[in-house]
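S.K.: Below is the structure I would like to discuss, written out as structure tokens.
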Amino acid sequence: MTANGVAAQVDAPATDDRPALPVLYRDEWLAVVDKPAGLMVHDSALARGETDFAADRLREQFGRPVFLIHRLDRATSGCLLLAFDRDTASLLGHAVMANGLRKDYLAVCRGWPEEEFVVDHPLDGGPGKPQKKPAVTGFARLATVELALPSAGFPTSRYALLQVRPQTGRFRQIRRHLKHVSHHLIGDSSHGDGRHNRAFRMLGIHRMLLHAQRLAFTHPVTGVACDTVAPLDAEFTKALSLFDPA
């Protein structure tokens, strides 16, 4: 964790038989934790019988109410911001609405897109929310690789490592925007390409390759600039090792 002017905090103890979520930053008003891939953030219509949620773990872990400021998909790992009281949550919510949170993701997609591109494509709000709203995502290509994996009649397959910066926060925005431009996110079982997902599973990489690597914002109470970074897990690190510099 890095936070300008604020000391990092040690992890809170584990609760029950579930491991504690790593704490990247914590003070009396808010915290940033590192959510692992595969853990749902909160109960919803998409839970499908799940009983383990990050929100519940965090309430037990910190021993106090928590207010989630944004969401991460179940299969996405990385920085998750929360507040410990309604006033701080409201201030952070206003920062979100004013694009005051910088969120940088790492993603692996099929194909070799342009070095920099923006997808400006409206999206609905997910199941039961058909109204489409503006959605904008910026992408930068960091590295490329061509692997000896036959696909669609070709002897090789091309992949790219991307830095992603969403400017809005729609339902599954990054995943759906990559599908929209035919550069499907690897490991995405809902919006990805099954052939390429299977190819990566054969390489021992079974997770969706989307990671909320960095979260930067101005502390709403102290005014300090906070900049938190979540480390990659073993499978994402393995995927990263496939790439050569672009």
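The values are calculated or read from the model by the stated rules, or taken from the named source; none is laboratory data. In this text the structure is predicted, and so the values were computed from the model without any measurement. Ideal geometry is used to build each Cβ from the backbone, glycine not excepted, and the neighbour counts take in all protein chains shown. Accessible surface is based on the protein model in full, side chains and every heavy atom, while ligands, DNA and RNA are left aside. Shrake-Rupley method; radii C 1.70, N 1.55, O 1.52, S 1.80 Å.
S.K.: Right, ARG170: open to solvent by 20 Å² or more (accessible area, probe 1.4 Å), touching a Leu at 6+ places or on another chain (Cβ under 6 Å), in contact (Cβ under 8 Å) with a residue 40 or more places away in the chain and not in a strand (DSSP E or B) or not? Lay out the reasoning, then the answer.
M.R.: On the way: open to solvent by 20 Å² or more (accessible area, probe 1.4 Å): yes; touching a Leu at 6+ places or on another chain (Cβ under 6 Å): yes; in contact (Cβ under 8 Å) with a residue 40 or more places away in the chain: yes; not in a strand (DSSP E or B): yes.
Yes.
S.K.: Anything in the stretch 1-19 that is open to solvent by less than 30 Å² (accessible area, probe 1.4 Å) and either modelled with pLDDT of 95 or more or under 20 Å from the mean Cα position of the chain (by Cα) (or both)? List them, or say none. Outline the logic, then answer.
M.R.: Initially, the stretch 1-19 is screened for residues open to solvent by less than 30 Å² (accessible area, probe 1.4 Å), giving 3, 12, 15.
Within the stretch 1-19, ALA3 is the sole residue that qualifies.
S.K.: To continue, here is another question. Looking at THR237, THR222, which is the one that is open to solvent by 60 Å² or more (accessible area, probe 1.4 Å), among the polar types (S, T, N, Q) and in contact (Cβ under 8 Å) with a residue 24 or more places away in the chain? Before you say what the answer is, go through the steps one by one.
M.R.: Values: THR237 fails: in contact (Cβ under 8 Å) with a residue 24 or more places away in the chain.
So the residue among THR237, THR222 that is open to solvent by 60 Å² or more (accessible area, probe 1.4 Å), among the polar types (S, T, N, Q) and in contact (Cβ under 8 Å) with a residue 24 or more places away in the chain is THR222.
S.K.: Can you spot a residue in the stretch 149-168 that is in contact with a Pro (Cβ under 8 Å, 6 or more places away or on another chain) and closer than 23 Å to ASP227 by Cα? Break it down stepwise before answering.
M.R.: To start, the set of residues in the stretch 149-168 that are in contact with a Pro (Cβ under 8 Å, 6 or more places away or on another chain) comprises 156-157, 160, 162, 168.
So of that shortlist, the ones also closer than 23 Å to ASP227 by Cα come out as 162, 168.
Looking for residues that are in contact with a Pro (Cβ under 8 Å, 6 or more places away or on another chain) and closer than 23 Å to ASP227 by Cα, one finds at least one in the stretch 149-168, hence yes.
S.K.: Let me confirm something: among VAL41, VAL96, VAL33, VAL23, which residue is open to solvent by 30 Å² or more (accessible area, probe 1.4 Å) and β-branched (Val, Ile, Thr)? Full working, then the answer.
M.R.: On the way: VAL41 fails: open to solvent by 30 Å² or more (accessible area, probe 1.4 Å); VAL33 fails: open to solvent by 30 Å² or more (accessible area, probe 1.4 Å); VAL23 fails: open to solvent by 30 Å² or more (accessible area, probe 1.4 Å).
Exactly one residue qualifies, and that residue is VAL96.
S.K.: A further question on this structure: Just to be sure I understand, how many residues within the stretch 193-242 are over 18 Å from LEU147 (Cα atoms) and assigned to a loop (DSSP other than H, G, I, E, B)? It would help to see each step written out before you state the result.
M.R.: Step one: of the stretch 193-242, the residues over 18 Å from LEU147 (Cα atoms) are 207-208, 210-234.
Retained after the next criterion (residues that are assigned to a loop (DSSP other than H, G, I, E, B)): 207-208, 219-224, 230-233.
So the count comes out to 12.
Here's the yes/no breakdown for (1) within 15 Å of CYS109 (Cα to Cα); (2) hydroxyl-bearing (Ser, Thr, Tyr):
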{"residue": "ASP124", "(1), (2)": "no, no"}
{"residue": "ALA135", "(1), (2)": "no, no"}
{"residue": "ALA148", "(1), (2)": "no, no"}
{"residue": "SER157", "(1), (2)": "yes, yes"}
{"residue": "PHE171", "(1), (2)": "no, no"}
{"residue": "ARG198", "(1), (2)": "yes, no"}
{"residue": "HIS211", "(1), (2)": "yes, no"}
{"residue": "THR218", "(1), (2)": "no, yes"}
{"residue": "ALA225", "(1), (2)": "no, no"}
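S.K.: Looking at PRO166, PRO231, which is the one that is closer than 28 Å to PHE84 by Cβ and in contact with a helix residue (DSSP H, G or I) (Cβ under 6 Å, 6 or more places away or on another chain)?
M.R.: Numbers: PRO231 fails: in contact with a helix residue (DSSP H, G or I) (Cβ under 6 Å, 6 or more places away or on another chain).
The unique qualifying residue is PRO166.
S.K.: Moving on to the next point. Restricting attention to the stretch 41-73, and to residues there that are part of a strand (DSSP E or B) and at pLDDT 95 or above, which single residue is nearest to the chain's Cα centre (by Cα)? Please lay out each step first, then the result.
M.R.: At the first step, the residues of the stretch 41-73 found to be part of a strand (DSSP E or B) are 53, 67-68.
Filter once more, so that each one left must be at pLDDT 95 or above: 67-68.
Numbers: PHE67: 18, LEU68: 14 Å.
The extreme case among them is LEU68.
S.K.: A further question follows. Within the stretch 74-84, how many residues turn out to be in contact with an Asp or Glu (Cβ under 9 Å, 6 or more places away or on another chain) and either more than 14 Å from VAL32 (Cα to Cα) or part of a loop (DSSP other than H, G, I, E, B) (or both)?
M.R.: Within the stretch 74-84, residues that are in contact with an Asp or Glu (Cβ under 9 Å, 6 or more places away or on another chain) and either more than 14 Å from VAL32 (Cα to Cα) or part of a loop (DSSP other than H, G, I, E, B) (or both) number 3.
S.K.: Could you say whether any residue in the stretch 140-151 is touching a residue at least 24 places away in the same chain (Cβ under 8 Å), under 20 Å from LYS103 (Cβ atoms), of a type in the set (A, V, I, L, M, F, W, C) and open to solvent by 30 Å² or more (accessible area, probe 1.4 Å)?
M.R.: Of all residues in the stretch 140-151, those touching a residue at least 24 places away in the same chain (Cβ under 8 Å) come to 140-145, 147, 149, 151.
This time we only want the ones that are under 20 Å from LYS103 (Cβ atoms), so: 140-142.
Cutting the leftovers down to of a type in the set (A, V, I, L, M, F, W, C) gives us 140, 142.
Remaining after also requiring open to solvent by 30 Å² or more (accessible area, probe 1.4 Å): 142.
The answer is yes; a qualifying residue exists.
S.K.: Check GLU146, GLU114 and return the single one that is modelled with pLDDT of 95 or more, farther than 26 Å from LEU39 by Cα, among the acidic types (Asp, Glu) and outside any strand (DSSP E or B).
M.R.: Details: GLU146 fails: outside any strand (DSSP E or B).
Only one candidate qualifies: GLU114.
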